[in-house]
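Structure, as structure tokens:
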Amino acid sequence: MSIHETFTYQDLEAIRVGRVGGAMTASFILYRLGGTLIDCAPSNQWKYVRPFVKQKQVEQVLITHHHEDHSGNAANIKRMTGITPLAPATTCDILKRGFKIPPWQKMMWGKSGKLSCDPLPDQLQLANGEAVTPIFTPGHAKDMHCYLLPERGWLFSADLYLASYLKMLRSDENAQVLVDSINQVLQQDFEVIVCLHRGVVEGGKQRLTDKRDYILEFAGKVQALHREGMSDRQITHRLLGKESPVSVLTGYNFSKINLVSSCKRISL
């Protein structure tokens, strides 16, 4: 079932798009703060995103990383508004040359065409003049950045948060680098997480701390069982149970066993 609903948080406007129900439930939230859009939502949701973008003048577009759910409509928004998106330099390089999308991700989010965007300036501000601190947070994606609004104590967290407890991991994600990225962000002063999938999360610094602690605790259990001689598959079944239908549908690209395998290599 398709979903397209709008909501606000203080002066932050948002639209959630995607679909719910079934094994491949997925939704994405496009945020607008004044004249700034943060990320662009997946291309297969353009018919819902387009009216939201048209409601107010777009002065700036910020992209957190290249993944198709975050960059999918960047070219559409650029054509419609004439605004060239700003993105981390590595993201600009990836979007300029294009990138392959696994079939299961294309089914969920659609395509992401090639795009020319501008790298983030040394001093980044929102369209309304508010200061923005980009924070390099790889682990989920090699180019991913979060955007901190220090005056508000808000963190646009890209895909760093998502949830406090991990159960699955993509094959190209790295749990150690993810923990390092979380630790980097936790050094900053913020209380609200603005997640592009979960929504606005108050008490966000504690929730992100909970996620870091959960990963480390889980890694400790994984490594203890590994020392006992158990295989990754046996550890997965012991700690997380059987793989979900999503794992099968993605060819185990997104799976519980990926989390177990990656957590074996975390430094405790």
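Read the figures in this text as sums done on the coordinates, not as results from a lab. This is a predicted model, so every value here is computed, not measured. As a convention, Cβ positions derive from the backbone with ideal geometry for all residues, glycine included, and neighbour counts pool all protein chains shown.
Observations on the structure shown:
- Span per principal axis, largest first, for the Cα atoms of the range 189-264 (Å): 42, 30, 16
- Calculated on the alpha-carbon coordinates, the convex hull of the range 19-91 measures out at 87 cubic angstrom per residue.
- Selection of GluC sites (Glu not before Pro), the range 1-79, meeting DSSP coil and at most 14 other Cβ within 10 Å: Glu59
- Overall, the chain carries a charge dipole of about 1080 debye about its Cα centre when +1 sits on the Cβ of Lys and Arg and -1 on the Cβ of Asp and Glu, all other atoms neutral.
- The chain: most fluctuating residue of Leu160, Leu178, Leu240 per GNM, C-alpha cutoff 10 Å: Leu240
- Across Lys142/Lys256; Lys78/Lys167; Lys142/Lys211; Lys221/Lys242; Lys111/Lys142, pairs whose alpha-carbon gap is larger than 27 Å: Lys78/Lys167
- Across all C-alpha atoms in the range 58-200, the radius of gyration and Dmax reach 14.9, 41 Å.
- Size-normalised alpha-carbon gyration radius of the range 1-129, reference 2.2 N^0.38 Å: 1.02
- Span-rule helices in the chain, defined as complete DSSP H runs reaching 30 Å or more along the axis (Cα) with Kyte mean at least 1.6: none
- For the chain, the percent of C-alpha pairs falling in each 5 Å distance bin, counted from 0 to the bin holding the largest distance, reads 1, 6, 13, 17, 19, 17, 13, 8, 4, 2, 1, 0, 0.
- Computed from point charges on the beta carbon alone (+1 for Lys and Arg, -1 for Asp and Glu), the dipole magnitude for the range 1-129 about its Cα centre is near 620 Debye.
- Ranking Ser116, Gly204, Phe190 by how far each Cα lies toward the positive end of the dipole of the chain (charges on Cβ) leaves Ser116 at the top.
- If the chain linking Lys242 and Lys142 were pulled fully straight, counting 0.36 nm for each residue of separation and taking away their Cα-Cα distance, it would gain 33.1 nm.
- 21 Å tail of the calculated P(r), the range 130-268, as % of Cα pairs: 43
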